[in-house]
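Following: one structure in structure tokens, then a few remarks.
The values are calculated or read from the model by the stated rules, or taken from the named source; none is laboratory data. Computed from a prediction, not measured in an experiment: that's the story for all the values here. Quick reminder, even Gly has a Cβ in these numbers, built from the backbone with ideal geometry, and neighbours come from all protein chains shown. The protein model used for the area step is the full one, side chains on, heavy atoms only, and it has no ligands, DNA or RNA in it. Shrake-Rupley method; radii C 1.70, N 1.55, O 1.52, S 1.80 Å.
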Amino acid sequence: MASISTLAKKFATRVRFERIKRRYSQEKLAELAGIGRSTLTQIEAQTSSPTLDVVEKLAAALEYEPYELLIFKNLEI
């Protein structure tokens, strides 16, 4: 199994943090983003890197601009 990049790992951690902060289940966030729950599970488990389309969808569902999910200041990762 190929490993994913450090950036993808940080992104996964940020998405999980934001999801939990909002008290969303993976199913709820996936539904809001219009992606499959299994896709979100793989991203959060750090077994799959998201496409830019998925980054955009997750950002919209979490009410962020895509680049904002790539800012990791003040977030323990």
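If I ask for residues that are in contact with a Gly (Cβ under 7 Å, 6 or more places away or on another chain) and among the acidic types (Asp, Glu), which ones from region 1-51 would you list? Answer for region 1-51, where residues must be in contact with a Gly (Cβ under 7 Å, 6 or more places away or on another chain) and among the acidic types (Asp, Glu): there is none. With respect to the conditions (1) buried (at least 16 other Cβ atoms within 10 Å of the Cβ); (2) polar (S, T, N, Q); (3) out of contact with any Leu (no Cβ under 8 Å at 6 or more places or on another chain), residue 26 falls short on a single one, namely (3). The single condition among (1) open to solvent by less than 80 Å² (accessible area, probe 1.4 Å); (2) closer than 16 Å to residue 72 by Cβ; (3) assigned to a helix (DSSP H, G or I) that residue 4 does not meet is (3). For beta carbons closer than 6 Å, sequence separation of 6+ or different chains, a first residue in region 14-32 that is without any contact (Cβ under 8 Å) to a residue 12 or more places away in the chain and a second that is hydroxyl-bearing (Ser, Thr, Tyr), there are no qualifying pairs. Please count how many residues of region 7-23 are open to solvent by less than 30 Å² (accessible area, probe 1.4 Å) and either of a type in the set (A, V, I, L, M) or more than 18 Å from residue 70 (Cα to Cα) (or both). Count: 3. Sort out which residues of region 31-60 are open to solvent by 70 Å² or more (accessible area, probe 1.4 Å), closer than 17 Å to residue 7 by Cα and part of a helix (DSSP H, G or I), and write them in order of number. Answer for region 31-60, where residues must be open to solvent by 70 Å² or more (accessible area, probe 1.4 Å), closer than 17 Å to residue 7 by Cα and part of a helix (DSSP H, G or I): 42, 52, 53, 56.
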